[in-house]
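This report concerns only the one structure given below.
The values are calculated or read from the model by the stated rules, or taken from the named source; none is laboratory data. Keep in mind the model is a prediction, meaning the values are calculated, not measured. Cβ placement follows ideal geometry from the backbone for every residue including glycine, while neighbour counts extend to all protein chains displayed.
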Amino acid sequence: MKRSAAQYAVLTHLLDDALALDEAARAHWLETLPAEFSDQRAALARMLTFDRRASNRTLLTLEGHLRSGARGVDVLFDLLEAGVPPAVDC
C-alpha cells in the first residue's frame, strides 16, 4: 500500500511514541490506540513485531524512510507553527 507523506508523518510520530515504551506497555498502547489512528494500527503492529536481534537495524532504516517521506509535511508544519500562511493558488 502506497502511503502519502502525511500518513508517513503520522506513522513516524506514533512509532516514536511506541518505541519509548517497554514491550508490555507497547502492547497496551497499541490495543488502546484512539479510533482516529485505527487505520495505522496494522502497520504499527507489523513494525513493532520485528525480530529483536534485527529490530534496531531494521527500525532505524524504517525510521529513515518514514522521516524522508514526512520531510515535506514536517516543513509545512514548521512553517505553519511559525505563522507563515500556506500559499494558495487562485
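Of the residues 79, 60, 21, 33, which single one is in contact with a Pro (Cβ under 9 Å, 6 or more places away or on another chain) and either at pLDDT 85 or above or assigned to a helix (DSSP H, G or I) (or both)? Going through 79, 60, 21, 33 in turn, just one is in contact with a Pro (Cβ under 9 Å, 6 or more places away or on another chain) and either at pLDDT 85 or above or assigned to a helix (DSSP H, G or I) (or both): 79. Scanning the range 36-53 for residues that are modelled with pLDDT of 90 or more and of a type in the set (Lys, Arg) returns a single hit, 41.
When the range 5-47 is examined, which residues are found to be basic (Lys, Arg) and surrounded by fewer than 16 Cβ atoms within 10 Å (Cβ to Cβ)? Quick ask: steps written out before the conclusion?
Quick first cut of the range 5-47, residues basic (Lys, Arg) only: 26, 41, 46.
Correct list: 41, 46.
Name the pairs whose Cβ atoms lie under 6 Å apart, with the first residue in the range 6-18 and at pLDDT below 90, the second surrounded by 19 or more Cβ atoms within 10 Å (Cβ to Cβ) and hydrophobic (A, V, I, L, M, F, W, C), and 6 or more positions between them or separate chains? As it stands, the answer is 8/66; 8/70; 9/70; 11/66; 12/66; 12/70, since those pairs meet every condition given.
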